[in-house]
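A quick write-up on the structure given underneath.
Please treat every number below as a calculation from the coordinates, not as lab data. These numbers come from a predicted model, not from an experiment. Methodologically, a virtual Cβ is constructed for each residue, glycine included, from the backbone with ideal geometry; neighbour enumeration extends over all protein chains shown.
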């Protein structure tokens with residue numbers, strides 16, 4: 001009798017354990033579908049709602065792991081809600097849409113940024129094989145979590161995010177696509193989806209490109225001379241580009257003496273404008289690609305037809321200068337500026353890069369750098385210097401801090417070092433090329449007032465402005481520096497066809513065109529405006545460039561076809577810029593919509 005009881009009890013325990021195991025497994029694989037709508041849409045879930053196995057203290061784990069499928073490539077944020085009421089965040093951008101993938105999310109990026117990167121993008125963006133992250137913060141500890149929020153601003157067409165298998169891990173479990181299918185087609189488009197205009201075969205692509213070529217215009221459509229200046233204007237001709245203030249408005253003046261505004265596109269190369277990491281379908285060997293010469297000619301024809309004055313072969317162009325860096329003594333882009341060797345190396349590099357261009361009439365000028373990432377992180381930079389190898393800058397820092405180490409002094413030291421850096425670089429550039437303009441360092445951020453004031457040493461102060469309306473920051477830069485302003489980067493994109501929207505979102509391609517016109521013409525109405533450069537020529541790769549970015553921000557798509565609405569908008573604006581900047585006509589005044597719900601004043605207002 002006892003043995004019978006013991007056997008039945010054993011069976012009961014086994015059955016009960018199996019029920020528990022299967023219940024936990026079922027819960028782990030239960031799919032939760034989140035839908036987003038409105039202006040700021042958030043789905044906030046308690047830990048128990050997500051998974052009964054999630055503890056409150058996450059400090060002993062390295063990764064948050066989940067399977068994800070999204071109906072849209074629109075970016076969303078993951079918020080960790082803590083018991084102290086202060087949430088922390090990570091920005092999450094999937095590659096593509098409509099495909100299940102595993103996301104193994106490093107928890108360290110909820111706690112803070114790492115110490116790598118020499119510009120803003122390389123210090124903020126972190127990629128995996130199935131998604132990428134923007135590490136913006138706010139940051140904090142993860143030892144008392146009570147809920148997780150998934151939030152989307154201005155969601156388009158009620159996108160959904162499906163989640164399953166959510167758990168914590170003490171190792172990286174890998175971020176990969178879970179469905180065994182090609183995620184890209186032969187034209188490098190997202191395979192798991194269809195949309196109007198998607199390229200299905202080579203004949204379709206060839207026909208569209210041929211039809212485009214039949215409609216090309218030229219410089220005469222915009223009243224440009226052969227250098228891109230306005231033919232019906234005249235100032236002093238010097239044989240090189242320069243700047244001049246005329247009746248209170250700043251202008252570039254081309255070598256012929258014509259007033260000139262710089263409308264251009266980043267990412268144009270000799271091969272026709274290919275963005276690093278992308279291989280356009282219209283330029284792959286497997287697809288009977290045109291030669292490089294044909295691609296260059298095509299790009300030139302497009303730029304002329306669209307009224308762009310800067311970039312491409314045989315046109316006004318800008319050289320981005322590169323400087324030698326010692327990885328061991330360069331922290332967040334700030335090198336060992338007090339070392340004699342640094343000044344010598346900059347001098348040699350300036351000689352190599354600038355001497356050969358000093359007599360080039362097509363050279364508009366030089367960018368000396370891009371988006372210093374240490375602004376606002378001065379305490380981190382000084383910690384890195386102090387804990388790094390012995391350098392001249394470290395010795396100066398120790399002397400500067402003395403017995404009064406505090407954040408204010410650390411900030412001042414980094415600013416002083418940056419001023420030293422600018423002095424060394426600008427002096428070397430002018431030494432080897434006195435003929436061309438110093439166009440500055442393309443500040444990003446937006447930068448602090450203290451950093452902006454250093455721009456007074458440039459001929460032109462360049463700043464990258466990712467906003468719907470750039471006028472507030474352009475006015476501020478002009479007021480603080482007294483120098484005319486060139487917008488080095490801007491864009492607006494749509495989350496669709498496997499690509500993210502970029503930093504500024506539009507509802508659709510028509511609204512992208514509206515956004516372009518509003519941005520450029522509003523900026524052009526200001527007295528300090530000299531031009532604006534779109535970032536970038538071609539959409540970024542669907543599976544991301546080196547740091548992960550996979551944005552719909554090209555004038556042309558991954559198959560090398562122009563976005564018609566955007567291009568037509570650029571053409572319309574470029575025909576008006578002379579009169580807008582002269583004050584003869586008002587700027588375009590219709591703002592783009594980010595979604596059916598409208599648009600924020602700024603994309604950074606959340």
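Give, in nm to one decimal, the length gained when the segment between residue 359 and residue 119 is fully stretched (0.36 nm per residue of separation minus the Cα-Cα distance).
Separation in residues times 0.36 nm, less the Cα-Cα distance, equals 83.4 nm.
Identify the residues of segment 525-560 with backbone N under 20 Å of a label point that sits 7 angstrom from the Cα of residue 246 along the Cα-to-Cβ direction, or state none.
Hits in segment 525-560 for residue 246 at 20 Å: 525-532.
Starting from the Cα-Cα distance between residue 238 and residue 344, subtract it from 0.36 nm times their residue separation and give me the gain in nm to one decimal.
Going from the current span to full extension adds 35.0 nm.
First measure r as the distance between the Cβ atoms of residue 108 and residue 320, then evaluate 1/(1 + (r/R0)^6) with R0 = 45 Å and state the FRET efficiency to the nearest 0.05.
Once rounded, the FRET efficiency stands at 0.90.
Which of the following values of Cα extents along the principal axes in Å was calculated from the structure shown: [x] 113, 71, 44; [y] 72, 44, 44; [z] 65, 57, 52?
Checked against the structure: label [x].
In Å, what Rg and Dmax follow from the Cα atoms of segment 31-169?
14.3, 42
If I fit a long axis through the Cα atoms of helix 392-401 and take the longest principal axis of the Cα atoms of the chain, what angle between them do I get, 0 to 90°, rounded to 10?
Rounded to the nearest ten degrees, it is 80.
Taking Cα atoms, how many degrees apart are the long axis of helix 471-481 and the longest axis of the chain, rounded to 10 and kept between 0 and 90?
So the inclination is approximately 60 degrees.
Note down the nm distance, to one decimal, between modelled labels 7 Å out along Cα→Cβ at residue 351 and at residue 572.
Between residue 351 and residue 572, the simple spin-label model gives 5.3 nm.
Where both partners of a DSSP beta bridge lie in the chain, what percent of those bridges are antiparallel, to the nearest 5?
Given both bridge residues lie in the chain, the antiparallel proportion sits at roughly 70 percent.
Give me the distance between the Cα centres of segment 373-407 and segment 100-176, rounded to whole Å.
30 Å
Give or take rounding to whole Å, what are the principal axis extents of the alpha carbon atoms in segment 291-334, in descending order?
Largest to smallest, the principal-axis extents are 46, 25, 15 Å.
In degrees, nearest 10, range 0 to 90: what is the angle between the Cα axis of helix 292-306 and the longest Cα principal axis of the chain?
80 degrees
If R0 is 35 Å, what FRET efficiency do you get for residue 585 and residue 44 from their C-beta distance, rounded to 0.05?
The computed FRET efficiency comes out at 0.10.
Rg to Rh for segment 422-528: what is it, with Cα atoms only and Rh by Kirkwood?
Across segment 422-528, the Cα-based Rg/Rh ratio is 1.06.
Suppose the chain between residue 220 and residue 169 were pulled fully straight at 0.36 nm per residue; how much longer would it get relative to their current alpha carbon spacing?
Values: separation 51, 0.36 × 51 = 18.36 nm, distance 6.27 nm.
Result: 12.1 nm gained on full extension.
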